[in-house]
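Participant: Sending over a structure as structure tokens; questions will come in a sec.
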Amino acid sequence: QNRSQYYDRLMSVRLQGDWENWIKFFLKGVATVSDEAINTAKEILELKTKCEQKIESYGNSNYNKLLDFLFQSPIITKNDVKEFLNVSYPTASKIVDEFCKSEIIYDLTYEQSRNKRYAFEPYIMILNRGTEL
């Protein structure tokens, strides 16, 4: 984001020994990134709470386990869910379908009838923010 200023400050250190402005610039960057990390963590916690509210009516621990799994692996297949929860394929399929209905995950391959992949899109969007070119 501040690439040219970064190199300008480094060049000033090299040519003029201007460590003070380099350190101020660097510490300002650290503070900015720290603030962004705090805001991201808050957003993730808010997202988790919203998702928990959406699935609480199902009253099944597998739903909570899958939600936790999505924060580790935000793109999944029904086979991933089957293996992770150690349930039958029809059970995994039902849970994935419920998560889609609740708009927690989204079908990435809606044009396909087999080998479908699903994304925990709200989480991915939080993690990807600021990485756009």
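Participant: Given just the C-alpha atoms of the range 24-111, how large is their convex hull per residue in cubic angstrom?
Facilitator: Working: hull volume 10.2 nm³, N = 88.
Output value, Cα hull per residue: 116 Å³.
Participant: Mind listing which GluC sites (Glu not before Pro) in the range 5-107 are in a DSSP loop and have 15 or fewer other Cβ atoms within 10 Å?
Facilitator: Answer by residue number: Glu103.
Participant: Next question, about the same structure. Of the accessible area of the chain, with the probe set at 1.4 angstrom, what percent is carbon plus sulfur?
Facilitator: 51
Participant: Against the longest principal axis of the chain, how steep is helix 61-70, in degrees 0 to 90 to the nearest 10, with axes from Cα atoms?
Facilitator: With both axes taken from Cα atoms, the answer is about 30 degrees.
Participant: Tell me which of Thr32, Thr49, Trp22 sits at the most positive position along the dipole axis of the range 14-133, charges placed on C-beta atoms (Lys, Arg +1; Asp, Glu -1).
Facilitator: So the residue furthest toward the plus end is Thr49.
Participant: Give me the 1.4 Å probe accessible area per residue for the range 1-114, excluding ligands and nucleic acids, in Å².
Facilitator: About 72 Å² of surface per residue is accessible.
Participant: Suppose accessible area is computed on protein heavy atoms with a 1.4 Å probe; arrange Lys82, Lys116, Lys101 from highest to lowest.
Facilitator: If we order Lys82, Lys116, Lys101 from most to least accessible, we get Lys101, Lys82, Lys116.
Participant: Compute the separation of the alpha-carbon centres of the range 6-34 and the range 67-133 and state it in Å as a whole number.
Facilitator: Here the answer is 42 Å between Cα centres.
Participant: With angles folded into 0 to 90 degrees, how steeply does helix 89-101 sit against the dominant principal axis of the chain? Use alpha carbons for both and round to 10.
Facilitator: Rounded to the nearest ten degrees, it is 60.
Participant: Between their Cα atoms, which of Lys42/Lys116; Lys42/Lys65; Lys50/Lys94; Lys28/Lys50; Lys42/Lys94; Lys65/Lys101 are more than 24 Å away from each other? Intermediate values should be presented prior to the final figure.
Facilitator: Values: Lys42/Lys116 31 Å; Lys42/Lys65 21 Å; Lys50/Lys94 21 Å; Lys28/Lys50 33 Å; Lys42/Lys94 30 Å; Lys65/Lys101 18 Å.
Over 24 Å Cα-Cα: Lys42/Lys116; Lys28/Lys50; Lys42/Lys94.
The values are calculated or read from the model by the stated rules, or taken from the named source; none is laboratory data. These numbers were taken from a predicted model, which means no experiment stands behind them. Glycine gets a Cβ as well: all are built from the backbone with ideal geometry, and neighbour counts include every protein chain shown. These area figures cover heavy atoms from the full protein model, side chains too; ligands, DNA and RNA do not enter into them. Shrake-Rupley method; radii C 1.70, N 1.55, O 1.52, S 1.80 Å.
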